[in-house]
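The values are calculated or read from the model by the stated rules, or taken from the named source; none is laboratory data. Computed from a predicted model, the values in this text were never measured in an experiment. All Cβ positions, glycine included, derive from the backbone under ideal geometry; neighbour counts span all protein chains shown. Ligands, DNA and RNA are excluded from the accessible area calculation, which covers all protein heavy atoms including side chains. Shrake-Rupley method; radii C 1.70, N 1.55, O 1.52, S 1.80 Å.
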Amino acid sequence: MALLQIAEPNQSTAPHQHRLAVGIDLGTTHSLVASVRSGKPTILVDELGDSLLPSVVRYQIVGNQDDQDTFKTITTVGKPALAAAVEDPANTLISVKRFMGRATSDIQFDHPYTLSGDAEEMPAFITAQGRKTPIEVSAEILKTLRSRAEATLGGELVGAVITVPAYFDEAQRQATRDAAQLAGLHVLRLLNEPTAAAIAYGLDQQQAPDHIQVVYDFGGGTFDVSILRLNRGVYEVLATGGHTALGGDDLDRLIVDWVRSALHIEQTTPAELQALMKSARQAKEALSRQDRTVFAFGTHSVTLTRDQFNALITPLIDRTLAICKRVLRDSKHRIGDVNAVVLVGGSTRIPYVRDAVEQFFGQKPLWTIDPDLVVALGASLSADQLAGNRQDGALLLDVTPLSLGLETMGGLVERLIPRNSPIPITRQQEFTTYKDGQTAMLIHVLQGERETVAHNRSLGRFELRGIPPMVAGAARIQVTFQIDVDGLLSVSAKETTTGIQSEVTIKPSYGLSHEDTARFLTEAYQHAEEDKHLRSLAESKVEAERELLALEQAMAQDLSDAEALLTTDERARLTDAIQQLKAVLAANDQNAIQTAVHALKQESDQFAAKRMDHHVHQVLQGTKLDDWAAK
Amino acid sequence: MNFFALFDLPESFDIDLSALAQRYRSLQREYHPDQQTAASAVSQIDSATINIAYDTLRVVDKRAAYLLSLKQQAIALDQSIGDIDFLGNALEVREQLDEANTPEMLDSLRQEVQQWIESLSREFELDYGSEDWPEARDTCRKLAFMRRILDDIDATEDRFDDLDEFY
């Protein structure tokens, strides 16, 4: 049967036209792309055979910024970028996922970057190439995966399923979606990472009805746990929880802190910090295979044992288990109900993590699918189905990870959609006016679990205007909150006595800064601007060349004339100016060309005046008027 | 749309919860946005409505309130509970929750509240069966009160696990 599936690349598999769709795991430390090929989820590799693309982008410039000929911007993604992390820390952006949809004030960990942005805005990185937002950096990674996929699959993609941590909030999801759009990808779905992993495991699992499965997903930058109930291809998420700033990076930081105090390192340069982080990562990985490792930094070195490492990371691992406890509670299940626990994410390679999970759930967890690949594989299965290539696939019923509420009197939050509500979900709430003749109303939407406004994430405030003036309490304003299957929120409001509708799509209030928004718009026109510039440069060159030709002919003639018009000195200065113009013509600098043209003109104007006098003189000496009138 | 009819269940308080869950999955199989077919696209039923209906029927006090609303009797359900004895007991449970400082104490309190909910459920069934609407309304209020206590017990335990910081 397999032979029947062999087809030439680029050839349509009609009558069932296979639509090319991929699953993308946009990870903190590395990213992957997978697609279903011949019915099997497959990781797509690059030309060197690598499946993991380090989630690293380097923004470089070479040459002199004032010299159009040598100046170039170079953007590298993946392995070559990662290799430059220590040498060029400020322009080599690592673990950018931790900045996605975050406000500047949220960034409380060490990093070697220069950030710009108000406390409430998503920061931009200041690189050699200028401002780069986390969205743009993520888009570079997605573009690289997109071209890898299109080269491997031999055609344009109809869309992609992009995975996000289950515990990502509205702003983080929105930022991920924006990055995909910037990379020219059609987003079929934002899929929660643990759910994607469950799909990948679901393929080769024989399940009893009401199979309760826990997905413990400990990645490079985030931790998620989801509890699912599986029933004949229906994946019902019962509860999810996590932490969006708790991952392998944090374990590396603990090692760095330990080494700093062990070696009495007080201050580090950005390059040193990156070097320390890199060595910490290597030490952590080594300790998954061996009992001890030597950590070297400059001329110093120190031994780190596995026991010491385990003690260092215990508080963080305990924290993941506390989250598991809460999620179990939310799922209304007990540890004894759990049929299987699967491990996802690179950090679950750490033996101590596996042991802790085994002890907590009282059973051996599964890692039969590579924890680095499983999310992308699951996402590709979902993409295949959403692109319409199969009808018999799984049905995913996911939940919203965080409660949604509104600000009420006294800075308190009224919960409207509790966490772990199945999505899509629509909730309506009725409000009324509290003053006679009130015509507008402010609605403040919040996300989070705390009672007070200040302790929740503000998603945005919107104003409902045009309420007809009535006595207090007479107007009926119905506000509808809708969370779609991607976990994204939209809000609309209606005054029900008159039917005034006000549609609002939530834009997180700590989104991009005005500066970056403006830049996004300008850059959209940048290509058009570049074209204009090139055209004007070409025009200047043509004009200068035409002038040079005429001048050189005149000079040649002057030299052959019995009575030269130019003095030796004048001729030398003119020749000099000509050489200068010729030199800049080879480069593509319009300003330099114009300056040289101007310098030459001062010399040649004198020559032209002399020639004019000479002509007039000749005419007066009796040459025919027609001779020069025709000129 | 009658939620009981949507889930092929008789309009009663005592329902088969596993049949409810099963019907929920088969409804989503048909109407979830990922499963859109030409037939389901024009249907009045959408995935979000199924989710709301499922939640309404699954949670006891919501189911009770919904049954009352179907009988046009869901009046003033947010008013305070009239039963003085119950209020005395409720106050005691609240105090116990405030004083609980170990997961074990919370667990025993949880069991106590669950027993309350079970006996209130039986009471509601009787009130509803005999069409004693004022009593049924009061029992429905008590059920909602006890469920909120259960939620608060969970929230307290979250704090024990140090998860109450800025999410």
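Mind listing just one residue for me: the one in the stretch A:439-477 that is away from chain B (no Cβ under 14 Å) and within 30 Å of A:Ser226 (Cβ to Cβ) and, of those, farthest from the chain's Cα centre (by Cα)?
Selected residue: A:His444.
Using the structure shown, decide if A:Ile212 is closer than 30 Å to A:Thr303 by Cβ and touching a Lys or Arg at 6+ places or on another chain (Cβ under 7 Å).
So A:Ile212 fails the test.
Please go through the stretch A:350-402 and pick out each residue that is over 24 Å from A:Thr244 (Cα atoms) and acidic (Asp, Glu).
A:Asp384, A:Asp392
Could you list, in sequence order, all residues of the stretch A:164-211 that are assigned to a loop (DSSP other than H, G, I, E, B) and either within 17 Å of the chain's Cα centre (by Cα) or buried (at least 24 other Cβ atoms within 10 Å of the Cβ) (or both)?
A:Pro165, A:Ala166, A:Tyr167, A:Phe168, A:Asp169, A:Ala183, A:Gly184, A:Leu185, A:His186
Filter the stretch A:14-52 down to residues that are hydroxyl-bearing (Ser, Thr, Tyr) and open to solvent by 60 Å² or more (accessible area, probe 1.4 Å), then give me how many there are.
The qualifying residues number 1.
Restricting attention to the stretch A:286-297, and to residues there that are open to solvent by 80 Å² or more (accessible area, probe 1.4 Å) and without any contact (Cβ under 8 Å) to a residue 12 or more places away in the chain, which single residue is farthest from A:Ile255 (Cα to Cα)?
A:Arg289
More than 21 Å from A:Ser492 (Cβ to Cβ), acidic (Asp, Glu), within 14 Å of chain B (Cβ to nearest Cβ) and open to solvent by 10 Å² or more (accessible area, probe 1.4 Å): which single residue out of A:Asp436, A:Asp398 fits that description?
None of the others qualify; the one that does is A:Asp398.
What strands (runs of 3 or more DSSP E) completely inside the stretch A:61-163 contain at least 2 residues that are surrounded by fewer than 21 Cβ atoms within 10 Å (Cβ to Cβ)?
Ranges flagged: A:72-77, A:130-132.
Quick check on A:Gln391: is it open to solvent by 10 Å² or more (accessible area, probe 1.4 Å) and not in a helix (DSSP H, G or I)?
The answer is yes for A:Gln391.
Kindly check whether there is at least one residue in the stretch A:269-276 that is out of contact with any Phe, Trp or Tyr (no Cβ under 6 Å at 6 or more places or on another chain), open to solvent by 30 Å² or more (accessible area, probe 1.4 Å) and in a loop (DSSP other than H, G, I, E, B).
Yes; the residues of the stretch A:269-276 include at least one that is out of contact with any Phe, Trp or Tyr (no Cβ under 6 Å at 6 or more places or on another chain), open to solvent by 30 Å² or more (accessible area, probe 1.4 Å) and in a loop (DSSP other than H, G, I, E, B).
Quick check on this structure: which one of A:Arg415, A:Arg427 is assigned to a strand (DSSP E or B), modelled with pLDDT under 90 and either more than 9 Å from every other protein chain (Cβ to nearest Cβ) or open to solvent by 40 Å² or more (accessible area, probe 1.4 Å) (or both)?
Of the residues listed, the single one that is assigned to a strand (DSSP E or B), modelled with pLDDT under 90 and either more than 9 Å from every other protein chain (Cβ to nearest Cβ) or open to solvent by 40 Å² or more (accessible area, probe 1.4 Å) (or both) is A:Arg415.
So, in the stretch A:439-472, exactly how many residues are open to solvent by less than 30 Å² (accessible area, probe 1.4 Å), at positive phi and modelled with pLDDT under 85?
Qualifying residue count, the stretch A:439-472: 1.
Residue-wise test of (1) more than 19 Å from the chain's Cα centre (by Cα); (2) under 17 Å from B:Lys142 (Cβ atoms).
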site: B:Asp34; (1), (2): yes, no
site: B:Leu57; (1), (2): no, no
site: B:Asp61; (1), (2): no, yes
site: B:Ser69; (1), (2): no, no
site: B:Leu106; (1), (2): yes, no
site: B:Gln115; (1), (2): no, yes
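Within the stretch A:347-375, can you find the residues that are more than 19 Å from A:Thr163 (Cα to Cα), under 32 Å from the mean Cα position of the chain (by Cα), not in a helix (DSSP H, G or I) and not hydrophobic (A, V, I, L, M, F, W, C)?
Of everything in the stretch A:347-375, just one residue is more than 19 Å from A:Thr163 (Cα to Cα), under 32 Å from the mean Cα position of the chain (by Cα), not in a helix (DSSP H, G or I) and not hydrophobic (A, V, I, L, M, F, W, C), namely A:Thr368.
Let me spell it out: the conditions are (1) without any contact (Cβ under 8 Å) to a residue 24 or more places away in the chain; (2) within 14 Å of another protein chain (Cβ to nearest Cβ); (3) open to solvent by 80 Å² or more (accessible area, probe 1.4 Å), and A:Ala322 meets all of them except one. Which number is the exception?
It fails just one condition, (3).
Quick one: would you say A:Gly405 is open to solvent by less than 10 Å² (accessible area, probe 1.4 Å), within 14 Å of another protein chain (Cβ to nearest Cβ) and not in a loop (DSSP other than H, G, I, E, B)?
It is true that A:Gly405 is open to solvent by less than 10 Å² (accessible area, probe 1.4 Å), within 14 Å of another protein chain (Cβ to nearest Cβ) and not in a loop (DSSP other than H, G, I, E, B).
Residues that are within 11 Å of chain B (Cβ to nearest Cβ) and modelled with pLDDT of 85 or more: does the stretch A:374-383 have at least one?
Yes, the stretch A:374-383 contains a residue that is within 11 Å of chain B (Cβ to nearest Cβ) and modelled with pLDDT of 85 or more.
Only one of (1) closer than 23 Å to A:Val45 by Cα; (2) touching a residue at least 40 places away in the same chain (Cβ under 8 Å) is not met by A:Asp370, so which one is it?
Of everything listed in (1) closer than 23 Å to A:Val45 by Cα; (2) touching a residue at least 40 places away in the same chain (Cβ under 8 Å), A:Asp370 misses just condition (2).
Residues checked against (1) assigned to a strand (DSSP E or B); (2) surrounded by 23 or more Cβ atoms within 10 Å (Cβ to Cβ); (3) out of contact with any helix residue (DSSP H, G or I) (no Cβ under 6 Å at 6 or more places or on another chain); (4) free of Cβ contacts under 8 Å to residues at least 24 places away in the same chain:
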| residue | (1), (2), (3), (4) |
| --- | --- |
| A:Arg229 | yes, no, yes, yes |
| A:Gly241 | yes, yes, no, no |
| A:Ala245 | no, no, yes, no |
| A:Arg253 | no, no, yes, no |
| A:Glu266 | no, no, yes, yes |
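List every residue pair whose Cβ atoms sit under 8 Å apart, with the two residues 6 or more apart in sequence or on different chains, where the first one lies in the stretch A:600-621 and is modelled with pLDDT under 80 and the second, anywhere, is of a type in the set (S, T, N, Q).
Listed pairs, sorted by first residue: none to list.
So A:Ile335 passes all but one of these: (1) in contact (Cβ under 8 Å) with a residue 24 or more places away in the chain; (2) open to solvent by less than 60 Å² (accessible area, probe 1.4 Å); (3) among the hydrophobic types (A, V, I, L, M, F, W, C). Which condition number does it fail?
Of everything listed in (1) in contact (Cβ under 8 Å) with a residue 24 or more places away in the chain; (2) open to solvent by less than 60 Å² (accessible area, probe 1.4 Å); (3) among the hydrophobic types (A, V, I, L, M, F, W, C), A:Ile335 misses just condition (2).
Just give me the residues in the stretch A:582-620 being among the polar types (S, T, N, Q) and either open to solvent by less than 40 Å² (accessible area, probe 1.4 Å) or assigned to a helix (DSSP H, G or I) (or both), in sequence order.
Residues satisfying the conditions are A:Gln590, A:Asn591, A:Gln594, A:Thr595, A:Gln602, A:Ser604, A:Gln606, A:Gln618.
Per-residue answers, yes or no, for (1) within 14 Å of chain B (Cβ to nearest Cβ); (2) acidic (Asp, Glu); (3) out of contact with any His (no Cβ under 7 Å at 6 or more places or on another chain); (4) more than 21 Å from A:Asp486 (Cβ to Cβ):
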{"site": "A:Arg189", "(1), (2), (3), (4)": "yes, no, yes, no"}
{"site": "A:Ala200", "(1), (2), (3), (4)": "no, no, yes, no"}
{"site": "A:Val214", "(1), (2), (3), (4)": "no, no, yes, yes"}
{"site": "A:Phe218", "(1), (2), (3), (4)": "no, no, yes, yes"}
{"site": "A:Gly242", "(1), (2), (3), (4)": "yes, no, yes, no"}
{"site": "A:Ser261", "(1), (2), (3), (4)": "no, no, yes, yes"}
{"site": "A:Ala271", "(1), (2), (3), (4)": "no, no, yes, yes"}
